[in-house]
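Each remark here refers to the structure printed beneath this line.
The values are calculated or read from the model by the stated rules, or taken from the named source; none is laboratory data. It should be emphasised that the depicted structure is a prediction, and the values quoted were computed from it without experimental measurement. A quick note on method: Cβ atoms are made from the backbone with ideal geometry, for glycine too, and the neighbour counts reach across all protein chains shown. Ligands, DNA and RNA are excluded from the accessible area calculation, which covers all protein heavy atoms including side chains. Shrake-Rupley method; radii C 1.70, N 1.55, O 1.52, S 1.80 Å.
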Amino acid sequence: RPAQFQLAAPLTVALSPTSLPRDLPAPLPFSETRERETRLNPRTSIASRSETLYRSTTAREEAALRAATPREADAALRRLQDAPPGALTVYVLPESSSLLPQGVDVYVGRHRSALVRAAPGLAALRARLQQVMHIMSFTDASISAALSDRVPASQLGPDAGRHFKSSLGYEITFSLLNPDPKSHDVHWDIEDAVGRYVQPLLDKLSFVANFSVASQILYYAVLGVTPRFDKDSSSFLLSAHSLPHVINPVEARLGSSAASLYPVLNFLLYVPERSHSPLYIQDKDGALVGTNAFHSPRWGGIMVYNVEGPAAPQASRPLRVDVDMVRVMEVFLAQLRLLFGISREVPPPEFLLESPGNEGLADWELDRLLWARTVENIATVSTTLTSLAQLLDKIGNIVIKDDVASEVYRAVVAVESAMEELALGRLDSAFQASKEAVTSSERAFFDPSLLHLLYFPDDQKFAIYIPLFLPMAVPILLSLAKMLREAKQSKKDPAKTD
């Protein structure tokens, strides 16, 4: 049957007494609801409902809005908020407010709130609120990317196939590749770097999935492509079309991911050998890539870390190299965000978006990820249970154990709960229910008792067993026939008795 995802995004608009539009339809507080439906394909649609509550700011909120900078105001308002995941609060400032810099009409902070300069009328304010929701909440594009298996490729954006699919866990591996240890003695403090830059982001994502982090140093691991020497710059270049050929030879040295239960994210730091230094990456237009790094969708990223220039002095070998982990982790964190689908919409010029800071992820960015992952999990459960039902219909004599049946029932109940919670705007409980549904559906689908190889159609049974039993059955049948003939003969000619 057609699947309709009903998504509700609660929005609270707090208006100060000096920022009230002239044409408010009712005294504060009042609510309004806007609904729209987007059809992704003939069998899947998204019904979006925006529930907006207009109210007056409190005295404590007014005090927080008198802060010196928007960042300080955002931090102070965070302590006053009790907004659950998925809910947003917009504070409307007077047009003459000096809290927002010149030319900035909207400030999006690190949490679940935004500061908006007042508009002369309600229609203009609503237009600004729509822009804020487009930046901070789910969009048709983000939900379509989560449902990429059900949506035609023509409707998907360029980033739809870049991020990893939703999973209950991920394994992250950081690898230092030193192909020339005789020339370079490379040291990296990966443990401290992970603790300072990666772990805060993973802690914030712990609600989404489980993570494990590992690191390794590989010696004599070279790229699969020989770089081209450029005389003008006295350097070596890797062109964009050769980058796909770099990964496969290196991946063979990384350790097999076949034994992993979860997807593996690979981040490689490559120190070029002395004979190929310095090494730079070119983009499709021939320009040098500023980060000297590239990423592969649903696999990971590689960064080239040069330690010697074209005219390096003849120093003692091996040359000790201490990796600047700040520069490296900035690149790897940006790639990690891309691989998880945590990408920001391009804001209008009058928008100011605060950097997520040390946590690497703003609260509203986490909400956008939860929207997409919840919808993706529900679609995954639907596909899994449909495939299981088709398998059971195909094999008539299959045996369904009680524990398998209970997992199927549990998955159905959990996915229905996730849909209901989504429609009510309760994002955290909806996501948790969708995770439980995925777990139960996979347990049922991959149960060893449901392997189709354990069950055979009747024609295959005859084909297998007749050659085995026919040689034994022939003498038995002949003996039975002989006994029947003798029994009939004895009835016709009864024995004479003296």
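Using alpha-carbon pairs under 8 Å, 6+ residues apart, how would you state the relative contact order of the range 365-454 in percent? Mind showing how you got there, number by number?
Values: 86 pairs, mean separation 38.2, N = 90.
Rounded, it is 42 percent for the range 365-454.
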Using 0.36 nm times the number of residues separating Arg443 and Lys182, minus their current alpha carbon distance, what extension gain do you get?
88.9 nm
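With both bridge residues required to lie in the range 169-340, what share of the DSSP beta bridges run antiparallel, to the nearest 5%? Don't skip to the end; give the middle numbers.
Numbers: 8 of 37 bridges.
About 20 percent, rounded to the nearest 5.
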In debye to the nearest 20, the charge dipole size for the chain, taken about the Cα centre with +1 at each Lys and Arg Cβ and -1 at each Asp and Glu Cβ, equals 1280
Long-range amide H contacts for Asp185: which residues qualify at under 5 Å (H placed 1.01 Å from N, peptide plane, sequence gap of 5 or more or a different chain)?
Leu319, Arg320, Val321
Could you give the distance between the Cα centres of the range 201-254 and the range 97-112, to the whole Å?
39
The range 382-426 versus the range 431-453: alpha-carbon centroid distance in Å:
8
For the range 195-267, the Cα-Cα pair-distance distribution in 10 Å bins from 0, as whole percents, is 14, 32, 29, 19, 5, 0
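On average, how much accessible surface per residue is there in the chain, in Å², for a 1.4 Å probe, leaving out ligands, DNA and RNA?
Working: 26280 Å² over 498 residues.
Per-residue value: 53 Å².
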If amide hydrogens are placed 1.01 Å from N in the peptide plane, which non-local residues have theirs closer than 5 Å to the one on Tyr170?
Asn210, Phe211, Ser212
Using alpha-carbon coordinates, inclination of helix 70-80 to the longest axis of the chain, degrees
60
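Return the subset of Lys231/Lys284; Lys401/Lys435; Lys204/Lys284; Lys182/Lys231; Lys165/Lys204 for which the Cα-Cα distance in this structure is over 29 Å, preserving the input order.
Beyond 29 Å: Lys204/Lys284.
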Value of relative contact order over the chain, rounded to a whole percent, pairs C-alpha under 8 Å and six or more apart:
16
Charges on Cβ only, +1 for Lys and Arg, -1 for Asp and Glu, centred on the Cα centroid of the chain; of Gln102, His163, Leu484, which one is farthest towards the dipole's positive end?
Leu484
Amide H to amide H, which residues 5 or more places from Leu24 or on other chains are under 5 Å from it, using H placed in the peptide plane?
none
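Please arrange Val304, Val415 by accessible surface area, largest first, computed with a 1.4 Å probe and ligands excluded.
Result of the area sort, largest leading: Val415, Val304.
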Give me the accessible area of Tyr197, 1.4 Å probe, in Å² rounded to the nearest 10.
50
Considering all alpha-carbon pairs of the range 365-454, what whole percent are spaced by more than 21 angstrom?
33
Can you check what the Kirkwood hydrodynamic radius comes to for the chain, Cα pairs only, in Å to one decimal?
27.6
Cut-off 18 Å (backbone N to label point 7 Å along Cα→Cβ of Arg317), residues of the range 272-303
272-279
Here the gain from full extension of Ala473 to Lys231, 0.36 nm per residue of separation minus their alpha-carbon distance, amounts to 78.6 nm
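Given 37 °C and 0.692 mPa s, compute D for the range 1-139 with the Stokes-Einstein relation, Rh being the Kirkwood radius over Cα pairs; round to the nearest whole µm²/s.
Numbers: Rh = 15.9 Å.
In µm²/s, the coefficient is 206.
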What is the calculated FRET efficiency for Glu191 to Lys401, with r their C-beta to C-beta distance and R₀ = 35 Å, to the nearest 0.05?
0.15
